[in-house]
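Structure first, then comments.
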Amino acid sequence: MRVQHFSDPACPWAYSARPTHARLRWRFGHQLEWELVVIGLSETAERYEARGYTPSRQVASQRVFRDRFGMPFALRLKPRMAGTARACRAIIAVRERDPARVDAALRALQLMQFTTDHLLDEDAHLRDALAGVPGIDADAAVARIDDADVVARYESDKARARSAEGTSIQAQNRHSTSDGPVRYTAPSLVFARNGASVVAGGFQPFEAYDLALAHLAPDLERRPAPQDAASALAAFPDGLTTAEVASLLRPNDLVDADRAAAEAELLALVAAGEATREPVGQDAIWRVATP
């Protein structure tokens, strides 16, 4: 089963969907072949400013996302708005070198965007964010941002992201025409198998993804929820936020995520020396403790 994932590191909806996507990755594992397509939400800061965006408006919006979905937000006021093109091309450079690490690159830049005052169009800031991610050569990725082949692949991704006209994403009004063509909003997923496909446009609940896959591929194995937080962390070596762990621990799809219970279990793991807690925003990144 192929999964095209349309996203951009500046989109708070895409960032807030990470708990749902973690649950999707856990349930279906390697049966899903993910392909990240970067959207390129804005080439320059001026395009955001022309649409009325400001750093203060950005922070006010992030507070709503924080309270509703629970992902880490630091509510740091940026010195200015920033375009996303250079960040997207850095992600493509990582993708070209090692496709298996592309989601880790996206995640690192999302964390930078929403928990620091760093900017997505400053190469030094991009390098700093990627430098701490195992398996990613941050210097090499940033150095390739302006390479002709990376720019060409970025333009190709942008065109694919803007090819949503006539798809079901319009029927649900999950599309955008912010820069002209009908485009996929982040974090749209397109599931495809044997010539059939289903578009889950924009931000969707987990159940929408599960229903799509049940129709397209009823033969896929569906792994039950992990028994505990330790098992969840072991499956995600790059670490998880509290909201992501809580999403994974839902015993079934009729039970809501319990962030407070997940945090209590994670804190107990830290106290036992079995996990580490890295403060980020109002929350943390939790990882299995290394000997």
TODO: Sort through Arg51, Arg27 and tell me the only one that's open to solvent by 30 Å² or more (accessible area, probe 1.4 Å) and within 19 Å of Leu120 (Cα to Cα).
DONE: Arg51
TODO: Examine the range 170-193 for a residue that is over 17 Å from the mean Cα position of the chain (by Cα), in a loop (DSSP other than H, G, I, E, B), aliphatic (A, V, I, L, M) and buried (at least 22 other Cβ atoms within 10 Å of the Cβ), and state whether such a residue exists.
DONE: no
- [ ] Could you please find all residues in the range 134-151 being crowded, with 19+ Cβ neighbours inside 10 Å and outside any helix (DSSP H, G or I)?
- [x] Ile136, Arg144, Ile145
Open item on the list: Residue under question is His125, and the condition is that it be part of a helix (DSSP H, G or I), in contact (Cβ under 8 Å) with a residue 12 or more places away in the chain, within 28 Å of Ala90 (Cα to Cα) and not small (Gly, Ala, Ser); does it hold?
Closed with: yes
Task: Residue list for the range 250-280, filter: under 21 Å from Ala14 (Cα atoms) and of a type in the set (A, V, I, L, M) - done: Ala257, Val280
Task: Flag if Leu216 is crowded, with 16+ Cβ neighbours inside 10 Å and within 20 Å of His5 (Cβ to Cβ) - done: yes
Open item on the list: Please determine whether any residue of the range 76-85 is open to solvent by 60 Å² or more (accessible area, probe 1.4 Å), within 14 Å of the chain's Cα centre (by Cα) and within 22 Å of Thr242 (Cβ to Cβ).
Closed with: no
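The values are calculated or read from the model by the stated rules, or taken from the named source; none is laboratory data. Model, not experiment: these values are computed from the prediction. Cβ sites come from the backbone with ideal geometry, for glycine too, and all protein chains shown count toward neighbours. These area figures cover heavy atoms from the full protein model, side chains too; ligands, DNA and RNA do not enter into them. Shrake-Rupley method; radii C 1.70, N 1.55, O 1.52, S 1.80 Å.
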